[in-house]
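Structure, as structure tokens:
What follows is calculated from the coordinates using simple rules that are stated; it is not laboratory data. What you see is a predicted model; the values in this text were computed from it and never measured. Every residue, glycine as well, gets a Cβ built from its backbone with ideal geometry; the counts of neighbours run over all protein chains shown.
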Amino acid sequence: MKPALTGLFIFAAFNVIMAQSSDSLLLAGKNLISRQLENYEELAEAGIDLSELTEDLEYFLENPINLNDADKRDLNRLVFLNDIQIKNLLDYRKKYGTFLSIYELKVVEGFGRNTLEKIRPFIVVAPKADRSFKVNSLLRGKHDLIIRFQRKLVRSEAYNIPADSLQLTKSGSFYLGDPNRYYLRYRYRVSGRMSIGLIAEKDPGEAFLYLPAGLSASIRNKIKRVPGFDHYSFHFGYETKGILNYAVLGDYHARFGQGLVLWSGLSFGGGNDPSSVKRYASGIRPNTSANENMYLRGGAISLKWKALRLDMIYSRIKADANIIYSDSAGEPGHISSLPNTGYHRSLNELEDKKSLLQERTGGHFAYTRERFQTGITVCRTNYGLSIDKGDKPSALYQFRGNKNLNAGIYFDLLLRKTNLFGEFAVSKNGGWALLAGLTHTTANGSIFGLLVREYKPQYQNYMAQAQGKRTNNANERGIKLMLEMPLLRKLSLQASFDHYSYPWLTSRTINIKRGQDHRMQLLYKPSRGAELELKYRFRSEFVNNNDLHSWFDKQVQEKKHEITAEAGFTVSASCSGKVHAGYTIVKASAEACKKAGSLLLLDMYYRPERLPLRLTFRYALFHTDDYDSRLYAYEYDVLYASSMPAYYGKGYRFYILTKYSPARWLDTWLRFSMTCYTDRNTIGSGPDEIQGNKLPEIKLQLRIKL
């Protein structure tokens, strides 16, 4: 029956496939990636490299997953599929043989229209590839070299070096380097077997090769050496099909369970896609991002025998830390904070650079069957100095000392249509954290997710990154419901409802007691070349405003409504566009007036038929009352870079991105952006203040693929 059935699918989809060019699939994939990143606007604004999240999806846009030889690990990397859908896909392939068409997925249970639209740009149907391993194949891998230059074309006050007599007293207010950002990334990869990578980066303001001419001798004496790149990262990873399943040396990530014990780096989550309610642990994998202080350094191995797997890690790395000295002689006392920005621009920031030794040893033992998995994770951490964040009430339960131990147990049970999962973890001081959830997938592709969490204030772990509103998974309890369903033939709905509370104080001056975060998204696709998306988000938090000048704390409710509408359209086979409109209202019960913000933008994409050139253009108008009523909108950028600026104040912004590929082995990008504010004569504040109302920026990137 299968050949006849598949023939019908191929015939029905023939015209659609012919009309759907590679450019339209590329744009669809880029739009899907942008939606995944919409929940990370604060990280993007802080300069965190989000390429770690998008690297797999960017790779699959160029090298789609072949449904005929993909395994569970490959399909998990898509992030759009849950375990039930993956199990049904693999069972279908095992029962009926190889896929003959992508649209054959329509008859796989649990694959609805929404899921097919999300994975379509990243998959392909092709004959099975020969995966047999030969030693000489290690010399026939793929080289990938990326070189990037980035710079704001105006200078802030921080690049003006004060007089010699003032430099020591103002050592934190001026930068030691130029405004350029340099980024170099090289990776050699043999598909499915070996990976060698190197990353070097210098942020704006960081010294590179030399120090400024006007720097006084007193400052020069405090700098140990003139650096090259500020940050280097290297890895070597090798995979086998034997008992030694995987080994990595250098910089890497370790992710196990649901993230309550050991999870380094970033991970998807926090949106309204039910597929993201569960963390999908990748185990041990190389570090490929430029984020500093967010990875492990040393070595790790993974051993696998039948249903058993054992992972062992060792990491010894120096991280940024703020040191409080015990006496005037300069003897280190304790660590008061652990900054993770990775910036080392001023003398003060350089003093924090790599000042805390962190040594971690741990392991993960798992037992896996077809529908059940359980495991134990243990991580022991030794710090070179004691950590003490002071005696403020909000720090009462936070970690103090130089040794910590975390352990946890997790389970993952796969029923026919329901996936149950959870993890329980404890820390050395007796604090504990618990997470439990489920996803349910119906035959037509509707997905429901539920997550319950209880993280005690006493739980202490800097390597925890499970689902939640706060970092380190402490002092939080909550329940989250998520759903995705087709409403009509061309209309679909995604929604999430998250209610949470914080048992203990969250900060020194602002104490958030409880809150809620609701999201709803309607997607309407009247035709292949057009779509309309409507999103609404409501956030509300009850806050104790601890006014230091008042005897009594005032509890206020802060509400934020945000609605966005987006319409995509096709002008021709080589030209398409998108219109985006956003509006937000911020209201606090203690205030008499509302704060509002609006954003209107137009995106255009063009590719000439006979030139290897792609052009992307955006023009945006924004008008907000203040920073609290700001709006975000994801921008297309060069490969493995992300841009999601905050639109606030009054003004306009535009950018143009060109990609030119003169040869199959060479890609070049040029990006120019400009923000112009009409309500001010200066931009920023303090050392980052810029005279004028315009903020232009240029970015160049070269990629060589061999």
task: Express the relative contact order of the chain as a whole percentage, based on alpha carbon pairs under 8 Å and six or more residues apart in sequence.
output: 11 percent
query: Hey, what did segment 168-227 get for relative contact order, percent, Cα under 8 Å, at least 6 apart?
result: 35 percent
- line: Along segment 608-624, Karplus-curve 3J(HN,Hα) (6.51, -1.76, 1.60; θ = phi - 60°) to the nearest Hz, with x for Gly and Pro, reads x, 5, 10, 10, x, 10, 10, 10, 10, 9, 9, 10, 10, 10, 9, 8, 10
field: Whole-angstrom gap from segment 397-415 to segment 576-635, using each part's C-alpha centre
entry: 40 Å
- prompt: Residue-wise, which Karplus ³J(HN,Hα) couplings in Hz belong to segment 434-443, taking 6.51 cos²θ - 1.76 cosθ + 1.60, θ = phi - 60°, and x for glycine or proline?
  reply: 9, 9, 8, x, 8, 10, 10, 10, 8, 5
field: Summed residue charge, Cβ within 13 Å of ILE313's Cβ, Lys/Arg positive, Asp/Glu negative
entry: +3
field: Pairs beyond 22 Å (Cα-Cα), from LYS118/LYS304; LYS578/LYS659; LYS202/LYS222; LYS87/LYS306
entry: LYS118/LYS304
task: Quick one, could you list the DSSP H helices from the chain stretching 20 Å or more along their long axis (Cα atoms) with average Kyte-Doolittle hydropathy of 0.0 or above?
output: 2-19, 22-37
field: Lys/Arg +1, Asp/Glu -1 at C-beta; the chain dipole; positive extreme among LEU184, VAL543, SER572
entry: SER572
task: Under 14 Å from the Cβ of PHE111, count the other residues' Cβ atoms, weight Lys and Arg +1, Asp and Glu -1, and hand me the total.
output: +1
task: Between LEU385 and ALA663, take the C-beta separation as r, use R0 = 45 Å, and let me know the FRET efficiency to the nearest 0.05.
output: 0.30
message: Only counting other Cβ atoms within 10 Å, I'd like HIS253, HIS580 sorted with the fewest neighbours first.
response: HIS580, HIS253
message: Please give the Cα centre distance for segment 471-502 versus segment 268-322, rounded to the nearest Å.
response: 25 Å
- prompt: Taking H as built 1.01 Å from N, whose amide H comes closer than 5 Å to the amide H of ASP273, not counting residues under 5 places away?
  reply: none
- request: Per DSSP H run of at least 4 residues, take -39500 (n - 2.57); add these up for the chain, divide by its residues and hand me the 222 nm value, nearest 500 deg cm²/dmol.
  value: -4000 deg cm²/dmol
Neighbour-count order for MET482, MET644, fewest beta carbons within 10 angstrom listed first: MET644, MET482
message: Quick check on segment 425-507: take the gyration tensor over C-alpha atoms, sort the square-rooted eigenvalues as a ≥ b ≥ c, and tell me if it's rounded (a/c under 1.5), prolate or oblate.
response: prolate
- request: Using +1 at the Cβ of each Lys and Arg and -1 at the Cβ of each Asp and Glu in the chain, identify which of PHE111, ILE512, ALA213 lies farthest towards the dipole's positive end.
  value: PHE111
- prompt: Using the 10 angstrom Cβ neighbour count as an exposure proxy, how do TRP432, TRP305, TRP263 rank, fewest first?
  reply: TRP305, TRP432, TRP263
query: Quick one: if you stick a label point 7 Å off each Cα along the C-beta vector at ALA573 and TRP432, how many nm between them?
result: 6.5 nm
- request: Set the Förster radius R0 to 51 Å, insert the Cβ-Cβ distance between THR368 and LEU168 as r into 1/(1 + (r/R0)^6), and round the FRET efficiency to 0.05.
  value: 0.30
message: Explain nothing, just the number: dipole magnitude of the chain about its Cα centre with +1 on each Lys and Arg Cβ and -1 on each Asp and Glu Cβ, in debye rounded to the nearest 20.
response: 1960 debye
message: Please list, ordered by chain and number, the residues whose modelled amide H lies under 5 Å from the amide H of LEU666; skip anything fewer than 5 residues away on the same chain.
response: LYS705
Segment 238-486 - Kirkwood radius from inverse mean 1/r over Cα pairs (Å): 19.4 Å
message: Need the C-alpha centroid separation for segment 346-391 versus segment 230-244, integer Å.
response: 19 Å
task: With a point put 7 Å past each Cα toward its Cβ, work out how far TYR583 is from SER216 in nm, to one decimal.
output: 5.6 nm
field: Highest average packing first - 421-428, 366-373, 534-541, Cβ atoms within 10 Å
entry: 421-428, 534-541, 366-373
- request: Per residue of segment 309-316, in order, report the coupling 6.51 cos²θ - 1.76 cosθ + 1.60 (Karplus, θ = phi - 60°) as ³J(HN,Hα) in whole Hz, putting x for Gly and Pro.
  value: 9, 10, 10, 10, 10, 9, 9, 9
Local electrostatic count, TYR677, Cβ distance below 11 Å [Lys/Arg +1, Asp/Glu -1]: +3
message: Going by amide H atoms built from the backbone, whose H comes under 5 Å of the H on ILE284, apart from near neighbours?
response: ARG255
